[in-house]
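One structure below.
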Amino acid sequence: VPAEIDIHYRAKNINITPVVTNVSSKKNYLWEVKNLTAKKPEAGSGEFAKIPRLLIAANQFEYDGHRGDMSQWKGMGLWYNELVQTTNQLSDAYQSEIRKLVAGASNDIEKVKILYHHLQKNFRYVSIQLGIGGFRPFPANFVHEKKYGDCKALSNYMQACLNAVNIKSYSAWINAGSDRSPVDADFPYDGFNHQILCVPMEKDTAWLECTSNLADFGHLGNFTENRNALVLTENGGVLIPTPKSKSYQNKFTMTTTVRMNDDGTGNTESIITTTGEFKYEQLALSQEKADLQKQYFVNAFGFPNPDEFELSFGEKNIKPLNTRIQLRIEKINDFTAGSKMFLRPRIYKIWSAKLPSQENRSEDYLFECPFEKTDTTIYKLPAGYQVEALPKEKQMKNEFGSYHSKHWYDEQQNAIVTTAKLVLTQHHIPAEKYSSVKTFFNEVMMEDSQRIVVKKE
């Protein structure tokens, strides 16, 4: 390394230091390892896995004549500001168009929402990384005209729109991916692969994912939440943590009515109400072909394979999202024995993912997100049938979650009602706590093996 530039470095999950020698105007760094034991990966640990790694970053750098300082987070922000100073302003004519869009808004937060929804409705993400190292975005005027851009171009354009209505915002670098760990706050380096927008408001900060046509306003999701974002302010880069979602922000609520016939056939109608990650899952599913949608509900949710399948989705911009499923099923009962029919507690599985082995686990485990799943299933029995046996009420509690199920008979409607609620309060499970969490979810899955017994009089 040229001595006047030099580097900074950090070893993680391994105790290793370099031998440094000076040769003329350069420094040589030599790291060496011997007999380093291989380690098998553990499913679900993601980037939090404790793998030996060495981080190295130049103190000073230059791209295409633009010199920067990476020894501090501040310097990286100053370099970016100089790089985009000619790209983040809209022409007077385009600014006038933007101001007309928010003419009727009563406050700044309403203006931000209007412009964000305008971006989602009229612009599309195209992954084009041009310019110096993929750092400099397309000019805001270009994006306004062409209606497309990559993450930095769309964030830069949204920032220019907000500038036009006198609302301050900042581009922010972030390391995106559902299993990514936050960048090391004490080690300045370019550990980022994505760009979003930070909008400081009077009472709170709005974080905008400018590449998504589906995201709710201000909701980042597991792609970028709970990270350290490098916010690129006029005074340089500042590392700020992004929000961490709560279980109540990722809700999956299903209500199903099952109308049974005497021969075990029947029709079902399910209304699924979703928010957060579950909503985005449903929206992604809404764009698939009908046969793939059916396959998804059968394989991922554990629905019985229907003879007829009808699916409809609510308005994507409305929160929460409603999904309606209607099925005609040849065999609703699990099996029969004489005059008895044996029914599952619900027609799908509230939890079906078998967690990895807990034996000798040394890595933390990551769920996709904290969540709340709630189910209500109503079995409308055919005439002449009555309840013979119902599963007992079940309550379980874990440090990171809870589960409660209940079953009862409604004599007036000749119906069986089952309810269940599964809550995971934290998605990042420390290795030493994993065993108890796996046991908890194993017991939840065992609940699906319980059976309701009905008998013909």
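The values are calculated or read from the model by the stated rules, or taken from the named source; none is laboratory data. Every value quoted in this text rests on a predicted model; they were computed, and no experiment measured them. Methodologically, a virtual Cβ is constructed for each residue, glycine included, from the backbone with ideal geometry; neighbour enumeration extends over all protein chains shown. Each accessible area value is taken on the protein alone, full model and side chains, heavy atoms only, with ligands, DNA and RNA left out. Shrake-Rupley method; radii C 1.70, N 1.55, O 1.52, S 1.80 Å.
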Got a sec? Which of A431, A383 is open to solvent by less than 50 Å² (accessible area, probe 1.4 Å) and either touching a Phe, Trp or Tyr at 6+ places or on another chain (Cβ under 8 Å) or under 22 Å from T265 (Cα atoms) (or both)? A431
Exactly one condition in (1) touching a His at 6+ places or on another chain (Cβ under 8 Å); (2) free of Cβ contacts under 8 Å to residues at least 24 places away in the same chain; (3) under 25 Å from N228 (Cα atoms) is false for D69; which is it? (1)
Residues to consider are I350, I325, I332; find the one that is under 26 Å from A300 (Cα atoms), assigned to a strand (DSSP E or B) and open to solvent by less than 40 Å² (accessible area, probe 1.4 Å). I325
Of T255, T265, which residue is more than 14 Å from the chain's Cα centre (by Cα), surrounded by fewer than 19 Cβ atoms within 10 Å (Cβ to Cβ), over 30 Å from N88 (Cα atoms) and at pLDDT 95 or above? T255
Expected output for segment 229-243 (first residue on the phi > 0 side of the Ramachandran plot, partner open to solvent by 10 Å² or more (accessible area, probe 1.4 Å), Cβ below 7 Å, 6+ apart or cross-chain) is G236/K74; G236/G75; G236/L78
Inspect segment 128-141 for any residue being closer than 21 Å to T211 by Cβ, touching a Leu at 6+ places or on another chain (Cβ under 6 Å), surrounded by 21 or more Cβ atoms within 10 Å (Cβ to Cβ) and among the basic types (K, R) and give the result as yes or no. yes
Condition met for V231 (assigned to a strand (DSSP E or B), open to solvent by less than 60 Å² (accessible area, probe 1.4 Å) and within 30 Å of D184 (Cα to Cα)): yes
Only one residue in A206, A215 is open to solvent by less than 40 Å² (accessible area, probe 1.4 Å), touching a helix residue (DSSP H, G or I) at 6+ places or on another chain (Cβ under 9 Å), part of a loop (DSSP other than H, G, I, E, B) and among the hydrophobic types (A, V, I, L, M, F, W, C), so which one is that? A215
Please specify each residue of segment 184-203 satisfying the condition of being at pLDDT 95 or above and either open to solvent by less than 10 Å² (accessible area, probe 1.4 Å) or of a type in the set (K, R) (or both). F187, Q195, I196, L197, C198, V199
So which of V423, V454 ends up being open to solvent by less than 30 Å² (accessible area, probe 1.4 Å) and in contact with a Leu (Cβ under 7 Å, 6 or more places away or on another chain)? V454
I need the full set of residues from segment 72-109 which are open to solvent by less than 50 Å² (accessible area, probe 1.4 Å), touching a residue at least 40 places away in the same chain (Cβ under 8 Å) and under 30 Å from E4 (Cα atoms), in order please. W73, G75, M76, G77, Y80, N81, L83, V84
Among the residues of segment 84-130, write down those that are more than 32 Å from the chain's Cα centre (by Cα) and of a type in the set (K, R). R99, K100
Output the residues belonging to segment 325-350 that are in contact with a Leu (Cβ under 7 Å, 6 or more places away or on another chain) and farther than 22 Å from V453 by Cα. I325
Selection from segment 133-162 of residues over 20 Å from L230 (Cα atoms) and part of a helix (DSSP H, G or I) yields A140, N141, F142, V143, H144, E145, K146, C161
For segment 377-428, which fully contained strands (runs of 3 or more DSSP E) count at least 2 residues that are closer than 18 Å to E443 by Cβ? 394-398, 401-410, 415-424
Restricting to segment 284-322, name every residue that is in contact (Cβ under 8 Å) with a residue 40 or more places away in the chain, surrounded by fewer than 15 Cβ atoms within 10 Å (Cβ to Cβ) and not aliphatic (A, V, I, L, M). N317, K319
